Amino acid sequence: MRYSVDYLIERRKEKWKTDSNIERDKQFREVVAEELVKDKGLRNEVINKPEKLIELLFVVVDKNQKTVPFFFNDVQRDFISRINKAKKDFEEGKITDISFLILKGRQQGFTTFVTAYQLANILLNKNFQGLTIADESSNTEAIFQNKAKFPYDMLPDVIKPTEKFNNKRQLLFEKLNSSWAVDTATKNMGRSRTINFFHGSECAFWRDGIAVTQAGLGESFTKNCIKIYETTANGFNEYRDMWKSKQHINCFYEWWKTKEYFTKFESETIKKDFIYNIEHKKDWINERLKWLKNVKKLNLEQLYWYYKKYTSYLDKELIKQEYPCSEEEAFIASGSCIFDKEKIIKRIDELKQPKRIGYFAYEYDGLRIKNIKWQDDENGFIKLYELPKKGYPYVLGGDTSGEGSDNFTGQVLNNVTGNQVAVLKHQFDEDIYARQMYCLGIYYNKALIGVETNFSTYPQKELERLKYPNFYVRMKEDTYTNKTEKAFGFNTNKKTRPIIIAEIVHVVRDMVESINDAGTLEEMLTFVRNEDGKAEAQLGCHDDLVMAFAIAHYIRVQQEFEIKKEIKERNKTFNFSFEKEKEEFDVGEEEVFI
């Protein structure tokens, strides 16, 4: 009778569950290895799915320092399914590159699995070249000795190929011409190699950075090379840029997806006190535990494990990096964030998708804009979170592309509720920016517009030339007469900047549910107080959306706060039309504006 690999794996699991005896497991593995050598069908099964060889024959040292069979945990099994899907998609031409980013908590078993997977591949395939690089030399050697050499040495001799090299950093099988090596991440590492499988361990901590190390690898990767960059986060660095680029297959694994992360209570009294504290105390850890319990539905033993980890750290902020509850938290700014980070992270977790994404099309004769139409476009630069309502007053704050910025932005608020209803962000020419702001303002019931005028007055002047009807008015001093006079647009300076930022600190603290845009919230996470005490974007980050949001909130006092009961129609100049159901926008068949 011929057995399948899956059947043999299940038999191994059953035997281990019954007696947990590593010597009897060794006897089972030796018998199975003999069958594997004899039976071509069994060999083909594991060649097609190398991970099956791991659960069939590999052993590993667990967290209790005991030698046990290598059976996959939940996160490892999930990642295997992602690898197999990516391989299939590549073969079918659905993707052109197999590159994974793994962002995770500590000790979830990814380095152990990826190392075993490479080892399985060099045992089963000819001309397979694998490479693992780590952040430090000590970690490099530990990966090889503990996660590769030991499992290899414990394999039945009958399946071990003829070795050419078996040293501290390399396994090379002569007849198969297959090898797996480890190295330390440096700028000159990896040259003159051909690599079928690449594993970057703790790459957010590579001393020379990811870009420099990748440059050292040059053209080493084959077209079908599987590349895996795994790490715990290390602030806002190159790994975060890779994550946000959407050029890779992003895999985030929360700590609670590792089932063994739980702790039993020492007594019923401790358990009761723990539950009471979650429900009644308002400090950070108990608010976090309450969220994990009510939103993420974790059980009490998981919560207690997390609590014990938290109390073990002298620097309590480390819990967010070492055991993140969201990808945003994993990348949280290392500086002193101006805003309430916990509220921001929770809000990001709650967000819904925009109702519409796109931009405005229009006719322009050099003097006036007319026939404005919304265009749905998934790659568009305007996101609509709440469609305009008849009679509602709105405000639109704008931040222009100035010093330290390369984006033009706009933020629309419902002035009755304070809700963020639309966001614009793009790299425009100034005249195009002014026209899109014009259309956006008109669309939202001739919203009050306040555009920042520090670095360029062109967008404001262009809006005036286009005869936009509703501007924020500030008082400015005439440098010739020293008299104050009225002017359109918002000026961000040493006096106004702290005021507008203080206002949105209050918004985040007390009205975070009014913020609907993930990009705005993510910029807030990197808005920190620098060494000089100035509130600004962390080095390498942007604050375009934050500043437009702050301006929008500041100018609200010059807009109505009540809903108009009647809208009088006069000159029929603008005709909004939409590709989808008109009623979704609640603008009527033909809105009329001056």
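The values are calculated or read from the model by the stated rules, or taken from the named source; none is laboratory data. Just so we're clear, the structure is a prediction, and the values are computed from it rather than from any experiment. Glycine gets a Cβ as well: all are built from the backbone with ideal geometry, and neighbour counts include every protein chain shown.
Residue-wise test of (1) farther than 18 Å from residue 346 by Cα; (2) among the aliphatic types (A, V, I, L, M).
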site	(1), (2)
294	no, no
298	no, yes
305	yes, no
313	yes, no
All positions within segment 158-173 that are modelled with pLDDT under 80 and either assigned to a helix (DSSP H, G or I) or β-branched (Val, Ile, Thr) (or both): 162
With the requirement that a residue be in contact with an Asp or Glu (Cβ under 7 Å, 6 or more places away or on another chain) and assigned to a strand (DSSP E or B), what does segment 246-276 give you? 252
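Would you mention how many residues in segment 354-389 are over 20 Å from residue 411 (Cα atoms) and crowded, with 19+ Cβ neighbours inside 10 Å?
The total comes to 1.
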Could you list, in sequence order, all residues of segment 445-496 that are at pLDDT below 90 and acidic (Asp, Glu)? 477, 478, 485
Here are the criteria: (1) more than 21 Å from residue 130 (Cβ to Cβ); (2) in contact (Cβ under 8 Å) with a residue 40 or more places away in the chain. Tell me which single one residue 41 does not satisfy. (2)
Subset of segment 213-222 [over 26 Å from the mean Cα position of the chain (by Cα) and either of a type outside the set (Gly, Ala, Ser) or assigned to a helix (DSSP H, G or I) (or both)]: 216, 219, 222
Cβ-Cβ distance below 6 Å, separation of 6 or more or different chains: which pairs start in segment 373-395 with a residue that is on the phi < 0 side of the Ramachandran plot and end on one that is surrounded by 22 or more Cβ atoms within 10 Å (Cβ to Cβ) and of a type in the set (Gly, Ala, Ser)? 384/422; 394/447; 395/447; 395/552
Within the bounds of segment 223-242, is there any residue that is under 25 Å from residue 96 (Cβ atoms), of a type in the set (Gly, Ala, Ser) and in a loop (DSSP other than H, G, I, E, B)? no
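Looking at 444, 458, 472, which is the one that is surrounded by 23 or more Cβ atoms within 10 Å (Cβ to Cβ), in contact (Cβ under 8 Å) with a residue 24 or more places away in the chain and farther than 14 Å from residue 382 by Cβ? Before the answer, list the steps.
On the way: 444 fails: farther than 14 Å from residue 382 by Cβ; 458 fails: surrounded by 23 or more Cβ atoms within 10 Å (Cβ to Cβ).
Only one candidate passes the filter, namely 472.
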Only one of 273, 283, 241 is in the same structural domain as residue 78 (by TED's automatic domain parsing), out of contact with any Pro (no Cβ under 6 Å at 6 or more places or on another chain) and of a type in the set (D, E, K, R). Can you tell me which? 241
Exclusive hit being among the acidic types (Asp, Glu) and either within 18 Å of residue 147 (Cβ to Cβ) or crowded, with 16+ Cβ neighbours inside 10 Å (or both), set 45, 14, 23, 34: 45
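To keep it simple, each residue is scored yes or no on (1) touching a strand residue (DSSP E or B) at 6+ places or on another chain (Cβ under 7 Å); (2) part of a loop (DSSP other than H, G, I, E, B); (3) among the hydrophobic types (A, V, I, L, M, F, W, C); (4) surrounded by fewer than 20 Cβ atoms within 10 Å (Cβ to Cβ).
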{"residue": "311", "(1), (2), (3), (4)": "no, no, no, yes"}
{"residue": "314", "(1), (2), (3), (4)": "no, yes, yes, yes"}
{"residue": "319", "(1), (2), (3), (4)": "no, no, yes, no"}
{"residue": "325", "(1), (2), (3), (4)": "no, yes, yes, no"}
{"residue": "329", "(1), (2), (3), (4)": "no, no, no, no"}
{"residue": "352", "(1), (2), (3), (4)": "no, yes, no, yes"}
From 155, 119, 131, grab the single residue that is at pLDDT 85 or above and assigned to a loop (DSSP other than H, G, I, E, B). 155
Tally, over segment 285-310, of residues that are out of contact with any Asp or Glu (no Cβ under 9 Å at 6 or more places or on another chain), more than 19 Å from residue 343 (Cα to Cα) and charged (D, E, K, R): 2
